[in-house]
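Trainee: The structure's right below; bear with me while I get my questions together.
The values are calculated or read from the model by the stated rules, or taken from the named source; none is laboratory data. As the structure is a computational prediction, the values presented were derived from the model and not from experiment. Here the Cβ positions follow ideal geometry from the backbone for every residue, glycine too, while neighbour counts run over all protein chains shown. The area values use the complete protein model at the heavy-atom level, side chains included, leaving out ligands, DNA and RNA. Shrake-Rupley method; radii C 1.70, N 1.55, O 1.52, S 1.80 Å.
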Protein chains: 2
Amino acid sequence: MLEVRAVDTRERILDASEKLFMANGFDGTSMRLITGAAGVNLAAVNYHFGSKESLMQEVFRRRLDWLNGERLRVLDEMERKSGGKPLKPSQIVDGFFGTLLRMAQDEAHGGITFLRLLGRTLTEPSDFIRTFLAKEYSEVMERYKAALFKALPDVPKAEIVWRFHFMLGATSYAIAGTDALRLVTDWQIEDADATDRLDRLLPRLMSFLLGGLRAPLPQFSATA
Amino acid sequence: MLEVRAVDTRERILDASEKLFMANGFDGTSMRLITGAAGVNLAAVNYHFGSKESLMQEVFRRRLDWLNGERLRVLDEMERKSGGKPLKPSQIVDGFFGTLLRMAQDEAHGGITFLRLLGRTLTEPSDFIRTFLAKEYSEVMERYKAALFKALPDVPKAEIVWRFHFMLGATSYAIAGTDALRLVTDWQIEDADATDRLDRLLPRLMSFLLGGLRAPLPQFSATA
DNA sequence: TTATCATTCAAACGAACGTATGAATTAAAG
DNA sequence: CTTTAATTCATACGTTCGTTTGAATGATAA
């Protein structure tokens with residue numbers, strides 16, 4: 001089939017890109033850095049992926065296809081079991097965010113590296129990557145929003161959408177910051193390795209997210 | 001005094017940089033783009049600021065000095081009034097995050113543009129900017145963490161630090177995304193202008209943050 | 001007016017960027 | 001073994017990058 005070296009090269013490039021884009025961002029990562037780290041020729045990226053932008057998209061597609069597929073599978077399964085009745089908010093939140101964090105514990109799906117890349121990319125919206133992510137996320141977002149609307153019929157939809165947004169933010173930060181940012185603390189607390197911190201992060205994050213999701217509705221001031 | 005043109009030029013560069021760094025990131029914004037938008041000569045940035053990195057730091061310093069000064073002033077005032085008794089969590093959260101969002105409504109302090117820049121930068125940690133932000137934030141972080149420890153004596157400190165981190169994330173996203181990201185929704189809901197959305201964002205965000213901060217503590221599984 | 005000095009300006013520097021090319025290399029197919 | 005096509009390779013293209021330079025400009029002070 002003539003593809004033994006090709007597949008290897010593609011994977012090596014994707015793996016190296018994932019790490020480097022995470023560490024330096026898209027603009028901060030050159031083709032020479034990528035191909036150097038991957039141990040392949042400079043021209044290999046353009047040969048296998050066409051361009052740097054296409055490479056970036058492929059880095060995300062490789063992980064997101066699996067992640068969002070899994071999210072939909074989990075949601076389907078929960079809705080099947082519930083037999084038409086609304087799910088509990090904690091189930092929905094776990095299906096979306098728990099699935100993400102559990103993926104990060106699986107090195108076969110990119111581990112924590114991809115998770116950090118995702119977290120940082122969601123706030124660097126280059127046009128081409130925003131367009132790509134919007135398409136990649138559209139189905140799973142619609143499904144999970146619908147599940148939340150059904151689970152919380154008394155909460156205005158706009159409020160749920162905002163709180164979904166807040167949950168995304170808290171999660172991305174928790175991820176991107178597990179050792180990138182040290183604004184909040186110097187992290188002498190809990191000097192365990194990253195994977196171990198991830199074990200404890202999930203229940204911590206879930207408590208926070210559910211507390212926020214179920215918080216009393218805000219009172220808008222009359223002057224607004 | 002010979003400084004009339006100089007001051008103008010500096011301000012014009014800082015204003016243009018703030019907008020462009022927000023829209024394109026640090027690496028994605030060239031000196032020629034900045035000086036072109038500011039209507040000044042290409043060499044002006046290096047003359048007035050020394051380098052692109054120093055310019056970036058000055059863009060942040062100009063706003064953060066005011067913001068974090070205000071945060072400390074508000075905290076001092078609250079602690080003075082309380083007379084040694086612990087503050088309420090809602091007061092502390094409002095002092096930190098409310099002050100941030102209220103600053104965004106004041107165009108004289110950068111308005112929503114700087115807020116978005118800050119939100120996006122906190123997840124793009126270039127070495128030089130992370131070091132700079134860590135120093136710029138150290139005092140205000142210590143003071144607010146201490147206030148939360150005192151306000152929530154029964155909650156483990158590590159838990160409070162994590163939740164502070166989650167709150168930062170939710171806030172940054174809420175800001176960065178008010179029209180950057182459209183993953184969650186297409187925002188036909190609430191087609192008001194940005195400033196008006198900001199009015200309603202504060203109570204929404206505060207409810208969410210307080211709900212998360214006061215959520216029941218997580219139960220760690222025994223196998224972790 | 002003249003001397004002084006901060007600022008602005010046009011122009012250029014070498015380095016690094018993403019991409020393209022055409023020849024070498026490799027492995028499968030006939 | 002020969003042919004064929006996929007892949008790798010060294011090299012170079014044109015562009016853009018951040019920064020530097022030295023002369024021109026402008027306002028202040030003597």
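Trainee: Determine the calculated [θ] at 222 nm for the protein assembly as shown from helices alone, applying -39500 (n - 2.57) to every DSSP H run no shorter than 4 residues and normalising by the residue count; nearest 500 deg cm²/dmol. Don't skip to the end; give the middle numbers.
Mentor: Values: 20 runs with 306 residues, N = 448.
That comes out to -22500 deg cm²/dmol.
Trainee: Relative to the longest principal axis of chain B, what angle (0 to 90°, nearest 10) does the C-alpha long axis of helix B:111-121 take?
Mentor: With rounding to tens, the tilt is 80 degrees.
Trainee: Roughly how many percent of the accessible protein surface of the range B:1-127 is carbon and sulfur, given a 1.4 Å probe and a whole-percent answer?
Mentor: Answer for the range B:1-127 is 51 percent, counting heavy atoms of protein chains only.
Trainee: Taking only the alpha carbons of the protein assembly as shown, what extent do you get along each of the three principal axes, in Å, biggest first?
Mentor: 76, 54, 45
Trainee: Jot down the radius of gyration and Dmax of the range A:46-141, Cα atoms only, both in angstrom.
Mentor: 15.2, 51
Trainee: Additional query: Summing both sides, how much accessible area is buried between B and A? Use a 1.4 Å probe and give Å² to the nearest 100.
Mentor: Numbers: alone 12900 and 12880 Å², together 20150 Å².
Summed over both sides, the interface buries about 5600 Å².
Trainee: How high is the relative contact order of chain B, given as a whole-number percent (alpha carbon pairs under 8 Å, six or more residues apart)? Write down the numbers at each step before the final one.
Mentor: Numbers: 161 pairs, mean separation 46.2, N = 224.
Averaging sequence separation for qualifying contacts and normalising by length gives 21 percent for chain B.
Trainee: Need one number: the % of Cα-Cα pairs in the range B:1-50 sitting beyond the 13 Å mark. Don't skip to the answer; put the middle values down first.
Mentor: On the way: 635 of 1225 pairs.
Here the long-distance tail beyond 13 Å is 52 percent of all Cα pairs in the range B:1-50.
Trainee: Can you compute the FRET efficiency between A:HIS109 and B:PHE128 using 1/(1 + (r/R0)^6), with r the Cβ-Cβ distance and R0 = 25 Å? Round to the nearest 0.05. Could the numbers behind the result be given before it?
Mentor: On the way: r = 32 Å, r/R0 = 1.28.
Given R0 = 25 Å and the Cβ-Cβ separation, E is 0.20.
Trainee: Hey, what angle do you get for helix B:194-213 against the long axis of chain B, alpha-carbon based, 0 to 90 degrees rounded to 10?
Mentor: That helix lies at roughly 30 degrees to the long axis.
Trainee: For A:GLN219 and A:ALA43, what is the calculated FRET efficiency with R₀ set at 45 Å and r taken between the beta-carbons, to the nearest 0.05? Intermediate results must be reported in sequence, preceding the final value.
Mentor: Details: r = 61 Å, r/R0 = 1.35.
Calculated value: 0.15.
Trainee: Right, another one. Chymotrypsin sites (Phe, Trp or Tyr not before Pro), restricted to the range B:74-172: which are DSSP loop and have at most 14 other Cβ atoms within 10 Å? Please list the in-between numbers first.
Mentor: On the way: sites: B:PHE96, B:PHE97, B:PHE114, B:PHE128, B:PHE132, B:TYR137, B:TYR144, B:PHE149, B:TRP162, B:PHE164, B:PHE166; in loops: none.
Within the range B:74-172, no chymotrypsin sites (Phe, Trp or Tyr not before Pro) qualify (loop, at most 14 other Cβ atoms within 10 Å).
Trainee: If you count only protein heavy atoms with a 1.4 Å probe, what accessible area per residue comes out for chain B, rounded to a whole Å²? Intermediate results must be reported in sequence, preceding the final value.
Mentor: On the way: 10080 Å² over 224 residues.
Dividing the accessible area of chain B by its residue count gives 45 Å².
Trainee: Here's something else I'd like to know. From the convex hull of the Cα coordinates of chain B, what is the mean projected area in square nanometres? Intermediate values should be presented prior to the final figure.
Mentor: Details: hull surface 64.0 nm².
Projected over every direction and averaged, the Cα hull of chain B covers 16.0 nm².
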